[in-house]
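Written out below as C-alpha cells is the structure these notes cover.
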Amino acid sequence: MDLTTVWFLIVGVLLIGYFVLDGFDFGVGISLPFLGKDDTDRRVLINTIGPVWDLNETWLIVAGASLFAAFPEWYATMFSGFYLALLLILVALIFRGVSFEYRHQNKGQKWTRWFDQFIFWGSVLPPVLWGVAFANLVQGVPIRPMDGGGWIYEGTLLTLLNPYGLLGGICMLLLVFNHGLVFVSLKTIGDIRDRAQALAKKVGIATIVVGAAFLVWTIIMRLESESLLLIVICAAVAAVALIGAWIANAVRREGWAFAGNAVAIAFALLAIFMALFPNLMHSSLDPAYSMSIEGAASSQKTLELMTWVAVFTLPLVLAYQAWTYWIFRKRLSREMIPAAAH
C-alpha cells in the first residue's frame, strides 16, 4: 500500500473520529428543545458535553490540516466549490461555541433563550450540510481539470441540494441526533435519562429507515465500482450496528447502544470513502474528469514527513482524549446543578 492510499485512509479515520465524537455533541444540542423542560434540564444537557465538546472539534481541525497537506488539490477544489456550504458550517460552529460560553451570563430569560436557539441551529446545520457534501462526493459533482493544473467546480450550492444529497443530509442529522440522545441517557440519571431513552427509541426507528435507504441507494449508484464488495460489507456492518444500538437502548443498555451508534456512523462513513476510492471526487460532467488520489496528492517527501509526525503525535492525542473522558465519566442529575443567580 503506497503512502497516497495510507493518507486517504488516515484522513478518513480523522473525519470518522470527528463525526463519532462531535456527532453526539451535535445530537445533545439538537435535543435541547425536546428534552429541556426548563433551564435546569437544559443546563444538565449542556453540562454533559461541556468538558469535551471543544476537544472533539479538534478532530475536524486536524482532518482539515491533513487534507490540506496530503491532498492540496482536493482541499482547494472542495473549499472553492463548496465555499458557501462550508462557510455556513463555520458560522454555525462559531455561534454554537460562543453560545456554550455566554448563555450562563445570567442576563435574563430572553438572553438565555437566544443562545439556546443558537446552540440548536448550530447543531442542526453542520451535520445536514456535511451529509449533503459527502453524498455529493459519492454521486459526482460538476468538476473538470483546468489547463494550468488543478480542478474547477462548475456548480452552485443549489447543485448540491439534489434528492440524493438531501437524503444524505437527513441521514446524517438523524444519526447524530440518535447518537446524542443515547449519550444523554448514558451521562444522566433520573427523569431526563428516561425521556432521552424513550425519544431515542422513536428517533432510532427513523434513523434505521432513512439510513437503510441511503446505503441501498449508494450501493446501487456504485454497482460498477471496483470497491463494491467493501462498500456492501461496510454498509451491512453499519446497518447491523444501528439495529443493535436500538435494541440495546430499548433494554436500557446505554453503553452498548452508544458503542453501536459509534460503529454505525464509522462504517457508514467508511462505505462513503470506499464508494469514492480510488478517486477523491467523482465528476458528473465526464468520468475522465474525476479527481484521482494520485493526481491530487502531495509529493512523496511530504507524505513521508507527515507519516512520521502522525506516528509520534496521534497516540498522544488519543491518550489525552481518553484521559479527559475518564476524568469526566460520572453521570449528571438536576440536583448537581446550582440554582441560577437572578
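Just to be sure before I move on: is GLY64 of a type outside the set (Lys, Arg), closer than 25 Å to SER283 by Cβ and open to solvent by 10 Å² or more (accessible area, probe 1.4 Å) in the structure I sent? Answer is yes for this residue. With respect to the stated conditions, GLY81 is open to solvent by less than 60 Å² (accessible area, probe 1.4 Å) and either out of contact with any helix residue (DSSP H, G or I) (no Cβ under 7 Å at 6 or more places or on another chain) or at pLDDT below 90 (or both).
Within the range 219-246, the set of residues being of a type in the set (Val, Ile, Thr), closer than 17 Å to LEU175 by Cβ and surrounded by 15 or more Cβ atoms within 10 Å (Cβ to Cβ) comprises VAL237, ILE243. Among the criteria (1) at pLDDT below 90; (2) assigned to a helix (DSSP H, G or I); (3) open to solvent by 60 Å² or more (accessible area, probe 1.4 Å); (4) of a type in the set (A, V, I, L, M, F, W, C), the one ALA310 does not fulfil is (3).
Identify all residues within the range 185-197 that are in contact with a Ser or Thr (Cβ under 6 Å, 6 or more places away or on another chain) and part of a helix (DSSP H, G or I); write none if there are none.
LYS187, ARG193, ALA196, GLN197, listed by residue number.
Among the conditions (1) under 20 Å from the mean Cα position of the chain (by Cα); (2) at pLDDT below 95, VAL28 misses just one, which is (2).
The residues on offer are PRO33, PRO51, and the sole one that is outside any helix (DSSP H, G or I) and touching a Phe, Trp or Tyr at 6+ places or on another chain (Cβ under 9 Å) is PRO51.
Going by the structure shown, is PHE68 more than 15 Å from the chain's Cα centre (by Cα), under 17 Å from ILE293 (Cα atoms) and without any contact (Cβ under 8 Å) to a residue 12 or more places away in the chain?
yes
Exactly one residue out of TYR18, TYR102 is assigned to a helix (DSSP H, G or I), open to solvent by 50 Å² or more (accessible area, probe 1.4 Å) and either of a type in the set (Phe, Trp, Tyr) or more than 22 Å from PRO315 (Cβ to Cβ) (or both), and it is TYR102.
Looking across the range 269-279, the residues that are open to solvent by less than 20 Å² (accessible area, probe 1.4 Å) and either more than 17 Å from ILE219 (Cα to Cα) or of a type in the set (A, V, I, L, M) (or both) come down to LEU269, ALA271, ILE272, ALA275, LEU276. Residues considered: ILE152, ILE192. Of these, the only one that is touching a residue at least 40 places away in the same chain (Cβ under 8 Å), touching a Lys or Arg at 6+ places or on another chain (Cβ under 9 Å), of a type in the set (Val, Ile, Thr) and open to solvent by less than 40 Å² (accessible area, probe 1.4 Å) is ILE192.
Of note, PHE26 does not satisfy the criterion of being assigned to a helix (DSSP H, G or I) and open to solvent by 40 Å² or more (accessible area, probe 1.4 Å).
Reported count of residues in the range 10-36, each being in contact (Cβ under 8 Å) with a residue 12 or more places away in the chain and closer than 21 Å to SER298 by Cβ, is 5. Counting only helices (runs of 4 or more DSSP H) that sit completely within the range 216-307, those holding 3 or more residues that are under 19 Å from ALA135 (Cβ atoms) correspond to 228-250, 254-276.
The values are calculated or read from the model by the stated rules, or taken from the named source; none is laboratory data. None of the values given here were measured: they were computed from a predicted structure. Virtual Cβ from ideal backbone geometry, glycine too; neighbours counted across all protein chains shown. The protein model used for the area step is the full one, side chains on, heavy atoms only, and it has no ligands, DNA or RNA in it. Shrake-Rupley method; radii C 1.70, N 1.55, O 1.52, S 1.80 Å.
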